[in-house]
Amino acid sequence: MSASTARMARFATICDQWEKAWTDLDGDAVAALCAEDLLYDEPALGDTRRGREHVRQHVLSMAQTFPRGSSSFTRMGLYVEVERDAIVVAWRFKGTPKGGDRAVEFHGDDRLEIGQDGLIHAYRGLYDNRLVRRLLREAQD
C-alpha cells in the first residue's frame, strides 16, 4: 500500500468513526476521537474553546434536544488537504427536536486537523447557526 493510500485509509477510518459518534449523539465517543487539548470552534457555542470536554458537552446537549433515534448525520463528502493532516467532512443533519412536530434539516462542514497520534487536535464546525435556531423555533411552534 502506498503512503498516500494509507493516509487516505486512515482519514476515512477517522471520518467513519466521527460520523457514527455524531449520528449516535455519543459525547464520549466524539470526545475519545479528540486530543485532550482540542481547539474547538463551534458556531452554537459562540466562541472558541479548548479541551475535549467542551465537544463532549455539546454532543450531550444535542442528545437532550434530539432524543435517541430521532436524528442522523449523513456524510456527503470527505476532502483531504494535500499539504498537511487535515480533512473537511461535509455533512447533512436531519432530526426532530424533543417536543417538536416536524424535522429540521441543514448541512455544514467539519474541518478536522489530525495529529500524529491519530486524534483530532482542532475542530471547526461551519454551518449557519442563525438558520438552525430559526428551524428549531419553527419545528416547536
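What about Phe106, is it out of contact with any Gly (no Cβ under 9 Å at 6 or more places or on another chain) and either within 23 Å of Cys15 (Cα to Cα) or in contact (Cβ under 8 Å) with a residue 60 or more places away in the chain (or both)?
Numbers: out of contact with any Gly (no Cβ under 9 Å at 6 or more places or on another chain): yes; either within 23 Å of Cys15 (Cα to Cα) or in contact (Cβ under 8 Å) with a residue 60 or more places away in the chain (or both): yes.
Against the criterion (out of contact with any Gly (no Cβ under 9 Å at 6 or more places or on another chain) and either within 23 Å of Cys15 (Cα to Cα) or in contact (Cβ under 8 Å) with a residue 60 or more places away in the chain (or both)), Phe106 qualifies.
Considering the conditions (1) over 18 Å from Val132 (Cβ atoms); (2) charged (D, E, K, R); (3) under 14 Å from the mean Cα position of the chain (by Cα), Glu42 is excluded by exactly one of them, (1). Counting the residues of segment 22-50 that are of a type in the set (Gly, Ala, Ser) and crowded, with 16+ Cβ neighbours inside 10 Å gives 4. No other residue among Ser2, Ser71, Ser61 is at pLDDT below 90 and under 14 Å from the mean Cα position of the chain (by Cα) apart from Ser71.
Pick from Arg84, Arg124, Arg52: which is within 19 Å of Gln17 (Cα to Cα), in contact (Cβ under 8 Å) with a residue 24 or more places away in the chain and either in contact with a helix residue (DSSP H, G or I) (Cβ under 6 Å, 6 or more places away or on another chain) or not aliphatic (A, V, I, L, M) (or both)? Of the residues listed, the single one that is within 19 Å of Gln17 (Cα to Cα), in contact (Cβ under 8 Å) with a residue 24 or more places away in the chain and either in contact with a helix residue (DSSP H, G or I) (Cβ under 6 Å, 6 or more places away or on another chain) or not aliphatic (A, V, I, L, M) (or both) is Arg124. Scanning segment 110-128 for residues that are within 18 Å of the chain's Cα centre (by Cα) and surrounded by fewer than 16 Cβ atoms within 10 Å (Cβ to Cβ) yields a count of 4.
Restricting attention to segment 79-103, the residues that are more than 22 Å from Arg133 (Cβ to Cβ), under 13 Å from the mean Cα position of the chain (by Cα) and surrounded by fewer than 18 Cβ atoms within 10 Å (Cβ to Cβ) total 1. Collect the residues in segment 74-96 that are more than 12 Å from Cys15 (Cβ to Cβ) and of a type in the set (Phe, Trp, Tyr), keeping them in residue-number order. Once the filter is applied, which keeps residues that are more than 12 Å from Cys15 (Cβ to Cβ) and of a type in the set (Phe, Trp, Tyr), segment 74-96 yields only Phe93.
Out of all the residues in segment 29-49, which are free of Cβ contacts under 8 Å to residues at least 40 places away in the same chain and either in contact with a Gly (Cβ under 6 Å, 6 or more places away or on another chain) or more than 22 Å from Ala86 (Cα to Cα) (or both)?
The initial filter retains those residues of segment 29-49 that are free of Cβ contacts under 8 Å to residues at least 40 places away in the same chain, namely 29-32, 36, 45-49.
Hits for segment 29-49 are Leu45, Gly46.
Conditions tested, residue by residue: (1) under 26 Å from Ala139 (Cβ atoms); (2) of a type outside the set (Ser, Thr, Tyr); (3) not in a loop (DSSP other than H, G, I, E, B).
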{"position": "Ala12", "(1), (2), (3)": "no, yes, yes"}
{"position": "Ala31", "(1), (2), (3)": "no, yes, yes"}
{"position": "Glu36", "(1), (2), (3)": "no, yes, yes"}
{"position": "Thr48", "(1), (2), (3)": "no, no, yes"}
{"position": "Leu60", "(1), (2), (3)": "yes, yes, yes"}
{"position": "Ala63", "(1), (2), (3)": "yes, yes, yes"}
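For the condition in contact with a strand residue (DSSP E or B) (Cβ under 6 Å, 6 or more places away or on another chain), among the aliphatic types (A, V, I, L, M) and more than 13 Å from Leu112 (Cα to Cα), Met76 qualifies.
The values are calculated or read from the model by the stated rules, or taken from the named source; none is laboratory data. For clarity, every value in this text was computed on a predicted model and none was experimentally measured. Ideal geometry is used to build each Cβ from the backbone, glycine not excepted, and the neighbour counts take in all protein chains shown.
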